[in-house]
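The values are calculated or read from the model by the stated rules, or taken from the named source; none is laboratory data. No experiment lies behind these values; they were computed from the predicted model shown. Counting neighbours? That spans all protein chains shown, and the Cβs are built from the backbone with ideal geometry, glycine included.
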Amino acid sequence: MSFEYPEDLKYMDTHEYARLDGEIATIGITAFAVDQLGDIVFLELPDIGTALDKGEAFGTVESVKAVEELKAPVTGTVVDRNDALIDAPEQLADDPYGAAWLVKVRLDQVDDDMEDTLTAEEYQAQVEGE
Amino acid sequence: MTESLRHTPLYDLETELNARMTPFSGWEMPVQFQGIKQEHQAVREKAGIFDISHMGKFLLQGTDVLPQLQTLVPSDLSNLQPGQAQYTVLLNPIGGIVDDLIIYNQGTNAQGTEQVQLIVNAATARKDWAWLQSQVQDRVQMTDQSEAMVLLAVQGPEAVERLQAFVEEDLGAIDRFGHRVATVLGQPGFFARTGYTGEDGFEVMVEPEVGQALWRSLLDQGVAPCGLGARDTLRLEAAMALYGQDIDDSTTPLEAGLGWLVHLDRTPDFVGRSVLETQKQEGVVRRLVGLQLEGRNIARHGYPILHEGDEVGAVTSGTLSPTLGYPVALAYVPTPLSKVGQTLSVGIRGKEYPATVVKRPFYKRAA
């Protein structure tokens, strides 16, 4: 099976992504992760105003098969949360890089170089090597 | 050292369908094909087929086979006629469950030899084999067919009709828990009206080539290939116990809600009887109950059950019921807290979520 790995995203080896737009990062999980999880039934996301620390857990995604912690790819403050997705977490499977984003975060450091993250190519190499 | 995983004769046909495979009890088995929810729904509404060839299949032949098995199980086998089957448990001396299994009485063959088929769990097949070997006498010959035969479960409201298309004899004439040898695709097969989904259907044991052909034929008929994922959600909705999770060597059938297969008044002496007698007289200390949760969090195996802040038990199995739309779980709780309607809570990742004791099964098909 082949998955999309949009070039404009920064990837975590734990399958979260960040899309940077100025001081705002949109956080989600990858199509590969969604496929691995299978039928997703539950999503727990932080309230607006919550401080996230890069690499630390900020929520959970649960499928019939497994429950996984979500790890923050950036350090900052949650400014928006996808409540529609919390009500219908199965929609994560439809558009993980678009409508099914999880949270938007205002970065603490706008000039974050994201040096701990993977490029699309690196991430693809990692998951397809698994 | 990792032991290499065994493959059933259907392995290539499953990987052809892009099944997601998983190690299970020493076998590499399909966990899902299209997705757990879809497969689950196919079995509840139409028909699905499961490769369960990994299960232990023992053939017992000889003299006084059932009377010898009777000393190992709490269910009365004296009225088990040829063509009938009994779901029961092997017990250890402390009344704990060695395994749950189905005993199929196949009657007497032309040579006058009694024949009994046992189907046991894959994870416990070796343990069961050793236990049975140590308990039955020379007059019973045991043959392990586990790797030699294919076992398919065809389950769902349309299962019998779909299967009938390839079988000469009338499958509708076989009662629930009945079985017979019938002709499938021109070859002999063992057909039992049993299952692990809460739906009607058959479990079919055949030679590998026949099994492969039957798998293909049923898929062509629109029967959905299903994996272990859907098998687990289906059995859990039907509140059927999973060995190693809900029942094990330390749980007795009376604690596990399997009292209906303990026939103390009718059954002569069997291993573990005195423990069950005491439990029956004094009552059990803990019971396996069904729980309904709010929200969508799954209470998984091992999560604590809390009552007024104290940990009082543990979840043994849990899922978000695809049919009912809410989370359900099985858990051991102290008997005083086991009544239907009792409110408890489940600790999920450090938070408490309310749960209510409900009747089992969670799902029951329309009669």
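One residue stands out among those in segment B:351-367 that are touching a helix residue (DSSP H, G or I) at 6+ places or on another chain (Cβ under 8 Å) and either aromatic (Phe, Trp, Tyr) or assigned to a strand (DSSP E or B) (or both): the one that is farthest from B:Asp232 (Cα to Cα), which is B:Val357.
Every residue, every condition in (1) surrounded by 13 or more Cβ atoms within 10 Å (Cβ to Cβ); (2) within 14 Å of chain A (Cβ to nearest Cβ); (3) not polar (S, T, N, Q), yes or no:
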residue: B:Arg266; (1), (2), (3): no, no, yes
residue: B:Leu293; (1), (2), (3): yes, yes, yes
residue: B:Leu324; (1), (2), (3): no, yes, yes
residue: B:Lys351; (1), (2), (3): no, yes, yes
residue: B:Arg365; (1), (2), (3): yes, no, yes
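Within segment B:1-50, being polar (S, T, N, Q), away from chain A (no Cβ under 14 Å) and either surrounded by 21 or more Cβ atoms within 10 Å (Cβ to Cβ) or within 16 Å of B:Asp232 (Cβ to Cβ) (or both) holds for B:Thr8, B:Ser25.
Here B:Gly198, B:Gly172 are screened, and the one residue that is assigned to a helix (DSSP H, G or I), among the small types (Gly, Ala, Ser) and more than 25 Å from B:Lys127 (Cα to Cα) is B:Gly172.
Evaluate the following for A:Glu128: is it part of a helix (DSSP H, G or I) and either within 24 Å of A:Ile48 (Cβ to Cβ) or out of contact with any Gly (no Cβ under 7 Å at 6 or more places or on another chain) (or both)? Yes.
Residues checked against (1) within 14 Å of chain B (Cβ to nearest Cβ); (2) in a helix (DSSP H, G or I):
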residue: A:Gln36; (1), (2): yes, yes
residue: A:Lys54; (1), (2): no, no
residue: A:Val61; (1), (2): yes, no
residue: A:Lys65; (1), (2): yes, no
residue: A:Glu68; (1), (2): yes, no
residue: A:Val74; (1), (2): no, no
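Restricting segment A:76-102 to residues that are away from chain B (no Cβ under 13 Å) and small (Gly, Ala, Ser), the residue that is surrounded by the most Cβ atoms within 10 Å (Cβ to Cβ) is A:Gly76. When segment B:275-306 is filtered for residues that are of a type in the set (Ser, Thr, Tyr) and free of Cβ contacts under 8 Å to residues at least 12 places away in the same chain, only B:Thr278 remains.
Note on segment B:302-313: among residues that are surrounded by fewer than 17 Cβ atoms within 10 Å (Cβ to Cβ) and at pLDDT 95 or above, the one that is nearest to B:Thr356 (Cα to Cα) is B:His307. The listed residues are B:Glu147, B:Glu168, B:Glu203, and the only one of them that is touching a strand residue (DSSP E or B) at 6+ places or on another chain (Cβ under 8 Å) and either at pLDDT below 95 or in the same structural domain as B:Ile103 (by TED's automatic domain parsing) (or both) turns out to be B:Glu147. The criterion of being exposed (fewer than 15 other Cβ atoms within 10 Å of the Cβ), of a type in the set (S, T, N, Q) and either under 16 Å from the mean Cα position of the chain (by Cα) or not assigned by TED's automatic domain parsing to the domain that holds B:Lys339 (or both) holds for B:Ser250.
Quick grid of which residues meet (1) at pLDDT 95 or above; (2) over 17 Å from the mean Cα position of the chain (by Cα); (3) in a strand (DSSP E or B):
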| position | (1), (2), (3) |
| --- | --- |
| B:Leu60 | yes, yes, yes |
| B:Leu69 | yes, yes, no |
| B:Leu72 | yes, yes, no |
| B:Pro82 | yes, yes, no |
| B:Leu90 | yes, no, yes |
| B:Gly95 | yes, yes, no |
| B:Val98 | yes, no, yes |
| B:Ile102 | yes, no, yes |
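Just one of the numbered conditions (1) of a type in the set (A, V, I, L, M, F, W, C); (2) within 14 Å of another protein chain (Cβ to nearest Cβ); (3) more than 20 Å from the chain's Cα centre (by Cα) is not true of B:Val315: (3). Taking into account only those residues within segment B:71-83 that are polar (S, T, N, Q), out of contact with any strand residue (DSSP E or B) (no Cβ under 8 Å at 6 or more places or on another chain) and over 16 Å from B:Gly96 (Cα atoms), which is surrounded by the fewest Cβ atoms within 10 Å (Cβ to Cβ)? Applying the filter and picking the extreme gives B:Asn79. Here the condition is being touching a Gly at 6+ places or on another chain (Cβ under 9 Å) and either surrounded by fewer than 19 Cβ atoms within 10 Å (Cβ to Cβ) or part of a loop (DSSP other than H, G, I, E, B) (or both); of B:Ala130, B:Ala122, it holds for B:Ala122 alone. Restricting attention to segment A:19-34, the residues that are in a loop (DSSP other than H, G, I, E, B) and among the polar types (S, T, N, Q) add up to 1.
Tallying residues that are more than 19 Å from A:Glu23 (Cα to Cα) and either within 12 Å of the chain's Cα centre (by Cα) or surrounded by 21 or more Cβ atoms within 10 Å (Cβ to Cβ) (or both) within segment A:40-57 yields 5.
Scanning segment A:19-32 for residues that are within 19 Å of A:Glu121 (Cβ to Cβ) and surrounded by 22 or more Cβ atoms within 10 Å (Cβ to Cβ), which turns out nearest to the other protein chains (Cβ to nearest Cβ)? Ranking the qualifying residues of segment A:19-32, first place goes to A:Phe32.
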